[in-house]
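Everything below concerns the one structure shown next.
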Amino acid sequence: MIINDMFYSLQGEGALAGVPSVFVRLAGCPLRCRWCDTKYAWDKTAGRDYSIEKMLQIVQQWPSQFVVITGGEPMICSDLPELVQSLKASGKHITIETAGIAFIPALPCDLMSISPKLSNSTPRDPKLAAAHEDSRLDIAVLRKLIDEYKYQLKFVVDSKNDLSEIKETLNKIGNVDLEKVMLMPQAATRDELLAKSPMVADLCKRTGFTLCHRLQVLLWNNERGK
Ligand code: SF4
């Protein structure tokens, strides 16, 4: 399978923020979000071909039971079930980070970290924008992911105006545990994160949603592989 990158760091976002974790970044994502911080993983050939055995060998060299499968978009990778099963068989705790645009049943996944994309992610290029709008939100898929897996829902917030769209999306999905909803400032740099965090914190105080850390931005200014 094509793996874009493997590295050892701290989980930066969500309920496991701060936990030392091995990251396995798969190649390929069709969404092309405007503010994506992993554009280098968009192309499905953007990486090296690894056997599952080799990948396991590399993952096991780091001293953590926590593995984060990220992308790109891992849920469109046909080899994902085999990858997750192999990691689980070696005793790992597995988080899958997904935009929630594709469903695979019965993965032995400990945490499905779902980040549905709002209209603030639409690319500026009109050709890319049309494809993005067609596929960024699939309510039926989000519902199935939530029903099947232990989950968290992370929304990227660019401005306080995003709140109405978040509420609308939650209403469409229906029956979401609001304690699992997290709001995350849209920020590519530490300065941007610090500037936007108070606005997102205010939204959290108003709604009861949880403020989502972005430790990789705060600690390393989003430097690749840190
Ligand atoms: S879904 Fe994630 S990986 Fe894909 S373009 Fe959007 S931010 Fe980037």
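Please enumerate the residues belonging to segment 141-151 that are touching a residue at least 12 places away in the same chain (Cβ under 8 Å) and either among the basic types (Lys, Arg) or open to solvent by 10 Å² or more (accessible area, probe 1.4 Å) (or both).
Across segment 141-151, the qualifying residues are 141, 143, 144, 146, 148, 149, 150, 151.
Would you mind stating whether residue 59 is hydrophobic (A, V, I, L, M, F, W, C) and closer than 25 Å to residue 155 by Cα?
No.
Kindly indicate the residue of segment 217-226 that is in contact with a Leu (Cβ under 8 Å, 6 or more places away or on another chain) and under 21 Å from residue 159 (Cα atoms) and also surrounded by the fewest Cβ atoms within 10 Å (Cβ to Cβ) among those meeting that condition.
218
For segment 55-69, which positions are in contact with a helix residue (DSSP H, G or I) (Cβ under 9 Å, 6 or more places away or on another chain) and open to solvent by 10 Å² or more (accessible area, probe 1.4 Å)?
The one that is in contact with a helix residue (DSSP H, G or I) (Cβ under 9 Å, 6 or more places away or on another chain) and open to solvent by 10 Å² or more (accessible area, probe 1.4 Å): 56.
Among residues belonging to segment 85-103 that are surrounded by 23 or more Cβ atoms within 10 Å (Cβ to Cβ) and hydrophobic (A, V, I, L, M, F, W, C), point out the one that is farthest from the ligand (Cβ to nearest atom).
87
Is there any pair linking a residue in segment 160-189 that is in contact (Cβ under 8 Å) with a residue 60 or more places away in the chain to one that is of a type in the set (Val, Ile, Thr), with Cβ under 6 Å and at least six apart or on different chains, and which?
Pairs that qualify, where the first residue is in contact (Cβ under 8 Å) with a residue 60 or more places away in the chain and the partner is of a type in the set (Val, Ile, Thr), are 182/210; 184/156; 186/156.
Let's see how each residue does on (1) in a strand (DSSP E or B); (2) away from the ligand (no atom under 16 Å from the Cβ):
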residue: 17; (1), (2): no, yes
residue: 24; (1), (2): yes, no
residue: 31; (1), (2): no, no
residue: 43; (1), (2): no, no
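Does residue 168 satisfy being surrounded by fewer than 18 Cβ atoms within 10 Å (Cβ to Cβ), touching a strand residue (DSSP E or B) at 6+ places or on another chain (Cβ under 9 Å) and outside any loop (DSSP other than H, G, I, E, B)?
Considered against the rule, which asks whether it is surrounded by fewer than 18 Cβ atoms within 10 Å (Cβ to Cβ), touching a strand residue (DSSP E or B) at 6+ places or on another chain (Cβ under 9 Å) and outside any loop (DSSP other than H, G, I, E, B), residue 168 comes out as no.
So is residue 69 within 16 Å of the ligand (Cβ to nearest atom), modelled with pLDDT of 95 or more and of a type in the set (Val, Ile, Thr) or not?
Answer is yes for this residue.
For segment 104-133, give me the residue count where each residue is crowded, with 18+ Cβ neighbours inside 10 Å, more than 13 Å from the ligand (Cβ to nearest atom) and part of a loop (DSSP other than H, G, I, E, B).
3
Suppose we filter 3, 76 for residues that are open to solvent by less than 20 Å² (accessible area, probe 1.4 Å) and within 16 Å of the ligand (Cβ to nearest atom); which single one remains?
Step by step, each of 3, 76 is checked, and only 3 is open to solvent by less than 20 Å² (accessible area, probe 1.4 Å) and within 16 Å of the ligand (Cβ to nearest atom).
The values are calculated or read from the model by the stated rules, or taken from the named source; none is laboratory data. Quick caveat: nothing in here was measured; it's all calculated off a predicted structure. Every residue, glycine as well, gets a Cβ built from its backbone with ideal geometry; the counts of neighbours run over all protein chains shown. Side chains are part of the model used for accessible areas, which takes the heavy atoms of the whole protein and leaves out ligands, DNA and RNA. Shrake-Rupley method; radii C 1.70, N 1.55, O 1.52, S 1.80 Å.
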